[in-house]
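Scroll down for the structure; my scribbles are underneath it.
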Amino acid sequence: MRNKLLISLFVLLTSLSSCNEGEVYYSFHPIKNNSWNKQTAFNFLLDSLSVDPNVRYDVMFEIVNNSQYAYQNIWLYVQQNITDNVFVSDTIEINLTDSNGKWLGKGSTGLYQLSIPYKTSVALDSTRAYLIRIRHGMRGNSIKGIEKVGVLVK
């Protein structure tokens, strides 16, 4: 019960602190029971964005993990159509700890949120719908300790 209250408080504070920073899209998908199956993909549909065609945007991935995550990194398989009209696939390695094993994300009470640049200086069109699909690419079928995965466009 106490952990759920702390997680809720963390999410609320994170949401409030991220307001008014110029983001045009910000969404998280919680991972049920902190156990992410390799076959589970999270879709982030970026449609009806209020974007300026003269402005370039940065796309960031947000990873929230707890201290029980057993690895120093995470591999992600990403499919997206933000840089082209067709879907492009990427494989990305994200280090969640430094070389000494210290968590890189911000946070406390055993939860850490890390923001990772994915694409920078991207032109977006408000008339198009964009999709980013993320699933993990770790060796095990299911990984534990990842609480949420998110996408931020600012």
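Annotations for the structure displayed:
- Members of segment 43-81 that are exposed (fewer than 14 other Cβ atoms within 10 Å of the Cβ) and in contact with a helix residue (DSSP H, G or I) (Cβ under 9 Å, 6 or more places away or on another chain): Q68
- Single unsatisfied condition, F10 versus (1) at pLDDT 95 or above; (2) closer than 14 Å to Q113 by Cα: (1)
- The criterion of being within 19 Å of F42 (Cβ to Cβ), not in a strand (DSSP E or B) and not aromatic (F, W, Y) does not hold for I74.
- The sole residue among T40, T109, T120 that is over 14 Å from the mean Cα position of the chain (by Cα), surrounded by fewer than 16 Cβ atoms within 10 Å (Cβ to Cβ) and assigned to a strand (DSSP E or B) is T120.
The values are calculated or read from the model by the stated rules, or taken from the named source; none is laboratory data. This is a predicted model, so every value here is computed, not measured. Don't worry about glycine lacking a Cβ; one is built from the backbone with ideal geometry, like all the others, and counts go over all protein chains shown.
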